[in-house]
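Structure, as structure tokens:
The values are calculated or read from the model by the stated rules, or taken from the named source; none is laboratory data. This structure is a prediction, so every number in the text was calculated from the model and none was measured. Cβ atoms come from the backbone with ideal geometry, glycine included; neighbour counts cover every protein chain shown. In case anyone asks, the SASA skips ligands and DNA or RNA and just uses the protein heavy atoms, side chains included. Shrake-Rupley method; radii C 1.70, N 1.55, O 1.52, S 1.80 Å.
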Amino acid sequence: MKFIHYMEKVNSVDVYGTMSLVCFGLFFIIMLAWVFKTNKKQFEEASRIPLDN
Amino acid sequence: MQVEKFYYDNKIVKAFGYATILFGIVGMLVGLWVAIQIYYPESSLNLAATTFGRLRPLHTNAIIFAFVGNASFAGIYYSLQRLCKTRMWSDRLSWIHFWGWQFIIVAAAITLPLGLTNGAEYAELIWPIDIAIALVWVIFGINMFATIIKRRERHLYVAIWFYIATWVTVAMLHIVRSIEIPYSATGSYSWFAGVQDALVQWWYGHNAVAFFLTTPVLGLMYYFLPKAANRPVYSYRLSIIHFWALIFIYIWAGPHHLLYTSLPDWAQSLGVVFSIMLIAPSWGGMLNGLFTLRGAWDKVREDPVLKFMVVAITCYGMATFEGPMLSLKNVNAISHFTDWTIAHVHIGGLGWNGFLAFAILYYMIPKMWGTTLYSKKLASNHFWLGTIGIIIYAVPMYWAGFEQSLMWKSFTPEGQLKFQFLETVTNIKPLYVLRSIGGALYLTGALIMAYNIYKTIKQGKFIANEAAEAAPLIKEVSPKKEYWHRVLERKPVRMLIYSLILVAIGGLVQIIPTFLVKSNIPTIASVKPYTPLELQGRDIYVREGCYTCHSQMIRPFRDEVARYAPNPGDGGYSKAGEFVYDHPFQWGSKRTGPDLAREGGRQTDSWQYTHMYDPRTMSPGSIMPRYPWLLDRKLDTSSTPAKIRAMKKLGVPYPDGFDKVANRDLMKQAQRIVANLKKDKIESPPNTEIIALIAYLQRLGRDIKSEPQQQLAENK
């Protein structure tokens, strides 16, 4: 009996690894794009919220 | 526009604040007690309720859920109202949350010393308490979201995002980890077994650190640091990147707790990759915190709140750099199962969580009592005692971890293991003594804080309802096209859903394939279900918290195989198929004692009997506690049928109707052990707990040892 390589028996298990990286990559790029497109003034306003109360 | 007048509820903050101080001190005291037990085992008082295995879960649960939990709730109730410019939605729900949470803590403080446990680290609490936690958590969530919805501030400040992510992720983690089958009013078996249980456990355990000890505390940092420094956070943009990247990456990193175990390689690699990536958002957050103080470092000298914050954030940076380093396989090979891990978590616990909790208490209490801190000098003494305490705690533990690991791995020129396991323990005893001195200093600091806060309260007058005013929120029609995130920031429910999707993806991708593997894990032909007596013995093993000091996982290293499975017929390192009937798995995370995966047959029954009565008679110098009560206590066999039925439901292949005859089988096996003991002149009735525990210990690894030699050779 072999105890090794048993994950290979699960159909296309490598999809999970690839999927996780693609998910993260896409998400991160979209987030960065948004963060750097947003007007700095909006952020400044938001960052003052704790000081206003 | 008409300005509305309203009042912040300070009473609930006060209640959570008091609970933080009380349970913090209790949790630290228990921690100190178990730290002393490690080098002075007699201090367990030879009582079942106060042995290391039962008190260590009490210490971890008290610190995580009672100390840090209550501190987070105090800070959240204080900051959320002010960030939303509104009172909490429902005072009644606030108080149900408070009393419900304290009830859970008291229930834990009673059940854990009684040995009522699930046997999963940081998820030890029994199933009725698990249900109570879920209910109280939902009540907290309803109150929080309703408050956010009725807010008078359009924008959701970044701290609130951290609170939302905390709520949603902890709910998910708690539910999945708590799926179990009860067999009695207090006992249950994990739904998962072996490798799956290990993966679920560390997906939970790791993310409990992430979403109970990190995200809410980061939220507090983003509120209280700007308040204390009186300047906005260094970069709000960075705080947004910090948030999304952190919650997305953290959820994937759990498998780094299982490197070199029987967990599939791809899952281990996934854990490593995401752990390394975690450095970026964590350090982004740390730098954002420290840079907020640019130009205000002079204040740090004066203000105790900022002093504690600076050390807390620095410790956060240290721990989040060290964590990814520990997840590298070559570092983990040295650090895992040693005190290095203990040092690492205490940099986080004492430094990051503890100091941030102290900082917010020093900030909120004078404010809520309309006064100033009674003594800055005492606070400064607290700060230095705490800081020095952390160093004296952590440095010896790093040293101990490194030294013990190197000793484990040392071979003589002839190729023999150089040190007995016991030598590697007695060698680091002085370091354990030092560690408890560090802990005692830290605790002394906390006591000074309690006094200082008591005096502060005495000199002030409590403002139960703090007046505030703000304009109501009117529906804004934005003429300009807005970015989607700007919209999202105003929609708490959507924020919740997106956060949930994000963390759920990480969880599912890790867990689904491991469930698929269930049918693919090669069931080793010789691995059979536990006999009823062994099952009862295993439950005693879990009850006594043996997993807090002993692992059951031989990693594929030369030294581990040489130490724990030295002979060709010993089965070598641990294989996934060995654990298919282990509900819950008992791989452990620390080796204060040796690994027990192949314990079966290594010692005689009478050796095990005498060793449990007094370990030092068999292993002079051993630091294991005594378990004299096991020799007298009657085994509760009335639970056997229900346990067998529960196991059968979980897929353990006992024959139909076995539950009815299980006790007969149990007695037969017990009589055999009694006969063995008698040969060595030990008289014991067959129905005592020690007999069941011996049966279990003698079973460990026996199945794989009986696997035909040729098949084992193929495994290598």
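Return a yes/no flag: does region B:386-409 have any residue that is assigned to a loop (DSSP other than H, G, I, E, B) and in contact (Cβ under 8 Å) with a residue 12 or more places away in the chain. Yes - at least one qualifying residue is present in region B:386-409.
Residue under question is residue B:641, and the condition is that it be of a type outside the set (D, E, K, R) and part of a loop (DSSP other than H, G, I, E, B); does it hold?
no
Of the residues contained in region B:195-205, none is found to be free of Cβ contacts under 8 Å to residues at least 40 places away in the same chain, touching a Phe, Trp or Tyr at 6+ places or on another chain (Cβ under 7 Å), surrounded by fewer than 21 Cβ atoms within 10 Å (Cβ to Cβ) and away from chain A (no Cβ under 14 Å). For region B:120-159, a residue qualifies if it is under 21 Å from the mean Cα position of the chain (by Cα) and not in a helix (DSSP H, G or I), and the qualifying residues are B:120, B:121, B:122, B:123, B:124, B:125, B:126.
Say whether the condition of being assigned to a helix (DSSP H, G or I), aromatic (Phe, Trp, Tyr) and either open to solvent by 10 Å² or more (accessible area, probe 1.4 Å) or not assigned by TED's automatic domain parsing to the domain that holds residue B:469 (or both) is met by at least one residue in region B:36-56. Yes, region B:36-56 contains a residue that is assigned to a helix (DSSP H, G or I), aromatic (Phe, Trp, Tyr) and either open to solvent by 10 Å² or more (accessible area, probe 1.4 Å) or not assigned by TED's automatic domain parsing to the domain that holds residue B:469 (or both). If I filter region B:109-165 down to residues being hydroxyl-bearing (Ser, Thr, Tyr) and open to solvent by less than 10 Å² (accessible area, probe 1.4 Å), which single residue comes out as nearest to the other protein chains (Cβ to nearest Cβ)? Looking at residues that are hydroxyl-bearing (Ser, Thr, Tyr) and open to solvent by less than 10 Å² (accessible area, probe 1.4 Å), I get B:157. Just to be sure before I move on: is residue B:457 over 25 Å from residue A:34 (Cβ atoms), hydrophobic (A, V, I, L, M, F, W, C), surrounded by 12 or more Cβ atoms within 10 Å (Cβ to Cβ) and modelled with pLDDT under 70 in the structure I sent? Criteria not met by residue B:457.
The single condition from (1) more than 14 Å from chain A (Cβ to nearest Cβ); (2) in contact with a Ser or Thr (Cβ under 8 Å, 6 or more places away or on another chain) that residue B:329 fails is (2). Mind checking which pairs have a first residue in region A:38-51 that is facing another protein chain (nearest Cβ under 7 Å) and a second that is of a type in the set (D, E, K, R) and surrounded by fewer than 15 Cβ atoms within 10 Å (Cβ to Cβ), Cβ under 6 Å, 6 or more apart or different chains? Close Cβ pairs satisfying both conditions: none exist.
Tallying residues that are within 23 Å of the chain's Cα centre (by Cα), hydrophobic (A, V, I, L, M, F, W, C), open to solvent by 10 Å² or more (accessible area, probe 1.4 Å) and at the interface with chain A (Cβ under 9 Å from one of its Cβ atoms) within region B:232-279 yields 3. When B:314, B:372 are screened for being surrounded by fewer than 23 Cβ atoms within 10 Å (Cβ to Cβ), β-branched (Val, Ile, Thr) and assigned to a helix (DSSP H, G or I), only B:314 passes. Checked against the criterion of being within 21 Å of residue A:49 (Cβ to Cβ) and either at pLDDT below 95 or crowded, with 18+ Cβ neighbours inside 10 Å (or both), the candidates B:493, B:509 yield just one match: B:493. Checked against the criterion of being outside any loop (DSSP other than H, G, I, E, B) and either at pLDDT below 95 or open to solvent by less than 50 Å² (accessible area, probe 1.4 Å) (or both), the candidates B:599, B:578 yield just one match: B:578.
Restricting attention to region B:222-231, report how many residues are more than 8 Å from chain A (Cβ to nearest Cβ) and out of contact with any Ser or Thr (no Cβ under 9 Å at 6 or more places or on another chain). Summing the residues that are more than 8 Å from chain A (Cβ to nearest Cβ) and out of contact with any Ser or Thr (no Cβ under 9 Å at 6 or more places or on another chain) in region B:222-231 gives 1.
Tell me yes or no: at least one residue of region B:389-396 is open to solvent by 60 Å² or more (accessible area, probe 1.4 Å) and either farther than 20 Å from residue B:225 by Cα or under 28 Å from the mean Cα position of the chain (by Cα) (or both). Yes, there is a match, as at least one residue in region B:389-396 is open to solvent by 60 Å² or more (accessible area, probe 1.4 Å) and either farther than 20 Å from residue B:225 by Cα or under 28 Å from the mean Cα position of the chain (by Cα) (or both).
Among the residues of region A:16-37, just one is facing another protein chain (nearest Cβ under 7 Å) and surrounded by fewer than 12 Cβ atoms within 10 Å (Cβ to Cβ), namely A:37. Residue by residue through region B:278-337, note down the ones that are within 30 Å of residue B:257 (Cβ to Cβ) and of a type in the set (Ser, Thr, Tyr). Those that are within 30 Å of residue B:257 (Cβ to Cβ) and of a type in the set (Ser, Thr, Tyr): B:282, B:314, B:316, B:320, B:327, B:335.
Within region B:68-119, how many residues turn out to be in a helix (DSSP H, G or I) and either touching a helix residue (DSSP H, G or I) at 6+ places or on another chain (Cβ under 8 Å) or assigned by TED's automatic domain parsing to the domain that holds residue B:349 (or both)? Of the residues in region B:68-119, 34 are in a helix (DSSP H, G or I) and either touching a helix residue (DSSP H, G or I) at 6+ places or on another chain (Cβ under 8 Å) or assigned by TED's automatic domain parsing to the domain that holds residue B:349 (or both).
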